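Bear in mind that the values in this text are calculations on the coordinates, not laboratory data. Remember, it's a predicted structure, so these values are computed and weren't measured experimentally. Counting neighbours? That spans all protein chains shown, and the Cβs are built from the backbone with ideal geometry, glycine included.
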Amino acid sequence: MKYNPNPDRYKDTQYNRSGNSGLLLPPVSLGLWHNFGHVDDFEAGRETLLTAFDRGIIHFDLANNYGPPPGSAEENFGKILKNDLAPYRDELIISTKAGYLMWDGPYGEWGSRKYLLASLDQSLKRMGLEYVDIFYSHRFDPDTPLEETMGALAHAVKQGKAIYAGISNYDPDSTARAAEILQSLGTPCVIHQARYSMLDRWVEKGLLNTLEEKGIGCIAFSPLAQGLLTNKYLKDIPETSRAASPYGFLQKSAITPKLVEVLNKLNNLAAERGQSLAQMALSWVLKDPRVTSVLIGARNKEQLLDSMKCMENTGFSGEELNLIDEYLSGL
Ligand SMILES: NC(=O)c1ccc[n+]([C@@H]2O[C@H](COP(=O)([O-])OP(=O)(O)OC[C@H]3O[C@@H](n4cnc5c(N)ncnc54)[C@H](OP(=O)(O)O)[C@@H]3O)[C@@H](O)[C@H]2O)c1
């Protein structure tokens with residue numbers, strides 16, 4: 001059926017500026033790491049993605065290896081783009097990355113110029129795109145000179161195959177160095193994609209300060225800790241869940257009795273705020289003005305719509321923040 005987007009899709013969304021750049025992102029962005037591979041239900045993925053676009057979520061995040069199998073999320077996204085979203089290409093911010101294992105041999109991963117540029121060409125082909133909006137180095141490579149990795153990002157931008165350059169999973173020192181190199185090449189680093197949730201607060205120990213100093217935005221990935229910070233695991237491990245899935249990285253062993261106790265306390269607090277636990281967990285990440293966007297995953301459109309309501313209440317009282325810290329300190 002022909003897709004006709006909601007004409008009011010921009011009415012209710014305020015876009016956030018990524019650092020000092022011209023890149024504007026919705027407070028909630030959608031990632032295609034899970035739920036969009038060839039092993040998944042294509043129609044459910046398509047419906048989730050179009051529901052997002054209908055509500056002003058214009059940013060979709062991919063990587064060369066998303067699937068499974070690797071590459072298949074980009075292929076499926078390419079199909080949706082071609083059949084449904086092609087007329088709206090200029091409204092979309094599409095990102096991809098290279099850094100993790102994608103093909104055999106010494107040039108199938110990490111940060112060499114050869115790997116990054118070859119991988120970007122492959123990604124463009126899979127998605128049927130002439131350019132992506134953000135191209136990321138997916139992880140810091142300790143063995144390749146940072147000048148080479150950043151040089152490859154800058155080259156991709158100069159070639160017109162990427163509009164902006166970004167980095168992901170870099171520690172504060174490497175981030176500062178990467179930003180300086182990119183600046184010297186005339187292609188500023190506009191965004192850092194970093195894991196950040198109530199259950200993983202490493203960015204608070206330096207990275208967010210570095211990003212602010214360098215004028216770089218932060219997009220927080222896995223803000224629901226892969227689904228732990230939702231109502232999913234409050235009693236048991238449901239069959240339809242990432243923890244029970246044979247694909248992916250969330251292990252059943254991560255769901256300890258101690259964690260479940262803390263999640264239930266957080267869930268009660270969320271209810272007092274009139275939110276689901278997922279909504280409160282996302283609001284909590286978004287309360288920091290240095291965070292440009294939360295990058296969520298969603299199995300279906302119901303999850304997406306539930307999570308998106310986080311934007312309605314991002315304020316926290318001092319008492320609520322103290323309680324959250326107290327609960328989390330029990331882990
Ligand atoms: N740069 C990197 O190294 C890196 C690494 C990881 C991820 N990422 C990016 O970040 C994106 C998001 O990561 P993520 O999928 O781990 O994010 P997440 O938002 O922390 O977890 C998403 C999962 O949580 C569950 N969920 C979501 N909304 C829910 C709701 N309202 N109620 C109940 N359950 C809900 C679903 O799990 P179920 O499947 O169990 O239903 C969903 O698949 C990825 O797609 C990718 O773009 C980047």
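Identify all lysines with a Cα-Cα distance to LYS97 below 26 Å; exclude those on the same chain that are fewer than 8 residues away in sequence.
Here the lysines satisfying the reach criterion relative to LYS97 are LYS79, LYS82, LYS114, LYS125, LYS158, LYS161, LYS205, LYS214, LYS301.
Length gain on complete extension for the stretch LYS158 to ALA254, per 0.36 nm per residue less the alpha carbon to alpha carbon distance?
Result for the pair: 30.2 nm of gain on full extension.
Take the alpha-carbon centre of the range 104-166, take the same for the range 48-75, and report the distance between them in whole Å.
The distance from the Cα centre of the range 104-166 to that of the range 48-75 comes to 18 Å.
Treat the count of other C-beta atoms within 10 Å as a stand-in for reagent exposure and order GLU47, GLU74 from fewest to most.
GLU47, GLU74
So if each residue of separation counts as 0.36 nm, and I subtract the Cα-Cα distance between GLU312 and GLU272, what length gain in nm does that give?
Here the answer is 12.9 nm.
Can you tell me what share of the DSSP beta bridges in the chain is antiparallel? A percent to the nearest 5 is fine.
Of those bridges, close to 10 percent are antiparallel.
Please tell me the relative contact order of the chain in percent, rounded to the nearest whole number, where contacts are Cα pairs under 8 Å and at least six residues apart.
18
Quick one: 3J(HN,Hα) in Hz for the range 54-63, Karplus 6.51/-1.76/1.60 with θ = phi - 60°, rounded, Gly and Pro as x.
Running phi through 6.51 cos²θ - 1.76 cosθ + 1.60 with θ = phi - 60° gives 4, 10, x, 7, 9, 10, 10, 10, 10, 8 Hz.
What is the set of long-range amide H partners of ILE191 at a cut-off below 5 Å, with H atoms built 1.01 Å from backbone N?
The list, which skips near neighbours in sequence, is ILE167, GLY217.
Spin-label point model (7 Å from Cα, Cβ direction): what's the GLU43 to ASN6 distance in nm?
2.2
In percent, how large is the relative contact order of the range 172-331, given Cα pairs closer than 8 Å and 6 or more residues apart?
Reported as a whole number, the value is 24 percent.
Run the simple label-point estimate for GLU148 and LYS125 please: 7 Å along Cα→C-beta, distance reported in nm.
That separation, rounded to one decimal, is 2.3 nm.
Using a 10 Å cut-off around each Cβ, can you sort THR210, THR314 from fewest to most neighbouring Cβ atoms?
In order of increasing Cβ crowding within 10 Å: THR314, THR210.
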